[in-house]
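K.L.:
Here's a structure for you.
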Amino acid sequence: MIKDIKTIGNNVLRGKCHAVREFNDPKLFMRLRDMAETMYDANGIGLAAPQIGIKRRMVVVDVGEGLMEFINPEIISSSEETDETAEGCLSVPGRRGMVVRPKRIKLKAKDRYGEDFTLEADGLLARCIQHELDHLDGVLYVDKMTREIFDDEEETDEE
């Protein structure tokens, strides 16, 4: 079911989310399905549970490689090498800004059945995961952006 996306100013977007403790559970499966349907309906590439009012550590991502689900995710390493790229957010409609993030990450998480896995990511996938994991700690990209981008500006990497 498509859910309303909470927007900046809503308190559910701030503060730390709680760990998921019940796995292989119909309620968890329904929440993950609702998150994915909401993300796709809004033409997003990622969505964190607090964006639909759920204070749990769950994220869904699809940057064109298929749907990925991360439960209780944690970045365990990241590259020293960074890049600065434009980001937007479904919870901050109509705005975009430049954000510096590590180029590569490694994370550990659980799947919907409670099985541990690790993933190494770079490029857009790494950026999207980092953006969504920030939501789980009450951080929005606007808290990290180096400058706002307006519609009449080019999005270029500055060197």
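K.L.:
Do you know which residues across region 33-52 are under 19 Å from GLY94 (Cβ atoms), open to solvent by 10 Å² or more (accessible area, probe 1.4 Å), in contact (Cβ under 8 Å) with a residue 24 or more places away in the chain and of a type outside the set (Val, Ile, Thr)?
P.N.:
Across region 33-52, the qualifying residues are ASP41, ALA42, GLY44.
K.L.:
Say we look at region 53-67 and pick out the residues that are outside any loop (DSSP other than H, G, I, E, B) and within 19 Å of GLU22 (Cα to Cα); which of these is most open to solvent (accessible area, probe 1.4 Å)?
P.N.:
ARG56
K.L.:
Those residues that are in contact with a Lys or Arg (Cβ under 6 Å, 6 or more places away or on another chain) and modelled with pLDDT of 95 or more, I need them from region 127-159; list them, please.
P.N.:
ARG127, GLN130, LEU136, ASP137, GLY138
K.L.:
Here is a further query. Taking MET30, is it in a helix (DSSP H, G or I) and surrounded by fewer than 19 Cβ atoms within 10 Å (Cβ to Cβ)?
P.N.:
Against the criterion (in a helix (DSSP H, G or I) and surrounded by fewer than 19 Cβ atoms within 10 Å (Cβ to Cβ)), MET30 qualifies.
K.L.:
List the pairs whose first member sits in region 134-159 and is over 27 Å from ASN10 (Cβ atoms), whose second member is open to solvent by less than 70 Å² (accessible area, probe 1.4 Å) and at pLDDT below 95, and whose Cβ atoms are under 9 Å apart, counting only residues at least 6 apart or on separate chains?
P.N.:
GLU155/ILE149
K.L.:
Could you tell me which numbered condition GLY88 fails, if it satisfies all but one of (1) part of a strand (DSSP E or B); (2) of a type in the set (Gly, Ala, Ser); (3) out of contact with any strand residue (DSSP E or B) (no Cβ under 9 Å at 6 or more places or on another chain)?
P.N.:
(3)
K.L.:
How many residues does region 91-114 contain that are in a strand (DSSP E or B), of a type outside the set (Gly, Ala, Ser) and in contact with a strand residue (DSSP E or B) (Cβ under 8 Å, 6 or more places away or on another chain)?
P.N.:
13
The values are calculated or read from the model by the stated rules, or taken from the named source; none is laboratory data. From a predicted model like this one, the values you see are computed outputs, not experimental measurements. In this analysis, Cβ positions are derived from the backbone assuming ideal geometry, glycine residues included, and neighbour counts consider all displayed protein chains. These accessible areas exclude ligands, DNA and RNA; they are computed on the full protein's heavy atoms, side chains included. Shrake-Rupley method; radii C 1.70, N 1.55, O 1.52, S 1.80 Å.
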